[in-house]
Each structure stands twice: as structure tokens, then as C-alpha cells.
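In what follows, a single structure is set out as C-alpha cells and then discussed.
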Amino acid sequence: MAKGPGIPKGTRDFGPAEMIRRNYIFNTIRSVFRLYGYQPIETPAMESLSTLLGKYGKEGDRLLFKILNSGDYKSKLSEDILLKASTAQLSSKISEKGLRYDLTVPFARYVVQHRNDISFPFKRYQIQPVWRADKPQKGRYREFYQCDVDVIGDISLFNEYELIKIIDDVFSRLSVRKQIKLNNRKLLTGIAEKIGEKEKITDITIAIDKLDKTGIENVNKELEAKGIPSSSIEKLQPLLFLEGSLESKLNQM
């Protein structure tokens, strides 16, 4: 029996009813962004791999969707490369573009490329789909939208307050209950230094960011896989489950 039409795993169709709801949400978000003076931009779905690679760490690079070069790309490769090259080496020979993984790196590229045409501080928002070659599961898709809002060219802490206010306004207008939690990378850096793994700050941050989703056992397994010794992982445990007031937590750290 012939297989009927379908879509790739990790993607979705959106019918009229879903589109009406989604457009309402997007329009609400846009209205708040504009209220605070942010301007819209769009960037291409694909970027040069030279722009994308190396910006997300090894895990992020692995999740990039790469696009094959057009034409007879194999004819330009020697038999030695085709037979002996690793997947990564071969990929670099037959692919020069990839689908964007997020909106942050394309925005950075946009600012550098158009720096003579934009005024700073530059307040921008961007609502577009992104793609990740991740394993599809409940609540995690290979194609999904991101709604980014950023300001560049101004180091005032007022910008941080404004971004928090934007988040609060968006969810209030959508009648969604919210709890805004603040973080500071200096705390994460301090934790990495305290357990003696300052150079592994990125790996540690990526792992503990998954604590609520995957649980402490899986976080510890990922830390071990990243080469962090068990003695350092043991020192980390009490820091992940601090209780009490903010002052009490800071004293415990």
C-alpha cells in the first residue's frame, strides 16, 4: 500500500483556527515591542556556515541543519576525500550554508554588515522561525518560532529593566500568569570557579540549564561526559539546591 503524504518529524501544520490564535499572540507581542520603541528586522532563513559554526558550542554545531551545495558538487571532490574523509570533513566540502539555529547570531551578523546604516543604540525585535536538528519529542520541535527583542550599543542597566518590563507587559496582555526569575552570569562563573572548573563554564551552564527538564541524574551524566571530574560534580550538588532567602543563598555560596 502506497504511503500517503506527510511532513518531516518535528514539524507541524497550522490550520486556520491555530493561525488565528497564533497571529493574535504574535500581534500582541509586536504591539508591546513597538510601544517601547523597538524596530522590526528580518534575516534570511539560511546563513553562511562560516557565520553559524562555532557560535553555539559543539552541541549547537551538531544540531545545525546544513544545506547541500547546488549543482554536481560531487564532481568537485576527489575519490580520496569521498572515501576517507570524516562526516565533518565531507560536510564542509559539500555544504556552505545552513538554516539558522536561533535569531541571535543572525542579528549579530546583521549589525556588523549594516553598521554604517543603523543608528545606535539600536533597538530591534525579530519574530521568525528557526530550525534545530534535535530529536523530536513532546514540546520540542525541529522547526519553531522565536520572538527576540534586543538593544545594542548602550550599556545602561535601564535596558535590562525595560526588557523585564516588556516581558511582564506581554504576558499581562495575554492574561498569562508569570513568574520572572533573574539570573546573572557572574553567579554561574563564580560557581564554576568554586568547584575548580572555571574553563568549563559553558559546559556547566548548558548542563544545569536542563535541570528542570531532565533531572539531576541526567545533568550529572552530561557533566561527566563533558570531562568534569566526579569530585567537582560532587561540590556542585549543594549549589544547585539552595534554599531560603536570597541573602541566605548568597551566604551559602
### Task
Mind listing whichever residues of region 8-18 are within 24 Å of the chain's Cα centre (by Cα) and without any contact (Cβ under 8 Å) to a residue 12 or more places away in the chain?
13, 14
### Message
Name the residue that is modelled with the highest pLDDT, counting only residues in region 50-63 that are touching a helix residue (DSSP H, G or I) at 6+ places or on another chain (Cβ under 6 Å) and outside any helix (DSSP H, G or I).
### Response
53
### Message
For region 136-161, give me each residue that is without any contact (Cβ under 8 Å) to a residue 12 or more places away in the chain, in a loop (DSSP other than H, G, I, E, B) and within 28 Å of residue 60 (Cα to Cα).
### Response
138, 139, 155
### Query
If you scan region 109-126, which residues turn out to be surrounded by fewer than 18 Cβ atoms within 10 Å (Cβ to Cβ) and either part of a strand (DSSP E or B) or without any contact (Cβ under 8 Å) to a residue 40 or more places away in the chain (or both)?
112, 113, 114, 115, 116, 117, 118, 119, 120, 121
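Going through 132, 140, 124 one at a time, which residue ends up being in the same structural domain as residue 49 (by TED's automatic domain parsing), among the charged types (D, E, K, R) and within 16 Å of residue 34 (Cα to Cα)? Let's see the steps before the verdict.
Values: 132 fails: within 16 Å of residue 34 (Cα to Cα); 140 fails: within 16 Å of residue 34 (Cα to Cα).
When all the criteria are applied, what remains is 124.
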### Task
Check 233, 180, 164 and return the single one that is exposed (fewer than 14 other Cβ atoms within 10 Å of the Cβ), of a type outside the set (S, T, N, Q) and part of a helix (DSSP H, G or I).
164
#### Entry: Residue selected from region 19-33 under the condition within 23 Å of the chain's Cα centre (by Cα) and charged (D, E, K, R), by the criterion surrounded by the most Cβ atoms within 10 Å (Cβ to Cβ)
30
## Note on the structure
Residue pairs within 9 Å by beta carbon, gap of at least six or interchain, first lying in region 192-203 and basic (Lys, Arg), second surrounded by fewer than 13 Cβ atoms within 10 Å (Cβ to Cβ), listed first then second, are 194/253; 200/227
### Task
Within region 36-49, count every residue that is surrounded by fewer than 12 Cβ atoms within 10 Å (Cβ to Cβ) and either assigned to a helix (DSSP H, G or I) or among the basic types (Lys, Arg) (or both).
0
### Query
Hey, any hits in region 83-99 for a residue that's over 20 Å from residue 51 (Cβ atoms), among the charged types (D, E, K, R), assigned to a helix (DSSP H, G or I) and at pLDDT below 90?
yes
### Selected residue [closer than 30 Å to residue 131 by Cβ and in contact (Cβ under 8 Å) with a residue 60 or more places away in the chain] from 206, 167
206
#### Entry: region 92-119 - residue that is in contact with an Asp or Glu (Cβ under 9 Å, 6 or more places away or on another chain) and among the β-branched types (Val, Ile, Thr) and, of those, farthest from residue 148 (Cα to Cα)
105
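The values are calculated or read from the model by the stated rules, or taken from the named source; none is laboratory data. What you see is a predicted model; the values in this text were computed from it and never measured. Cβ: placed from backbone, ideal geometry, glycine included. Neighbour counts: every protein chain shown.
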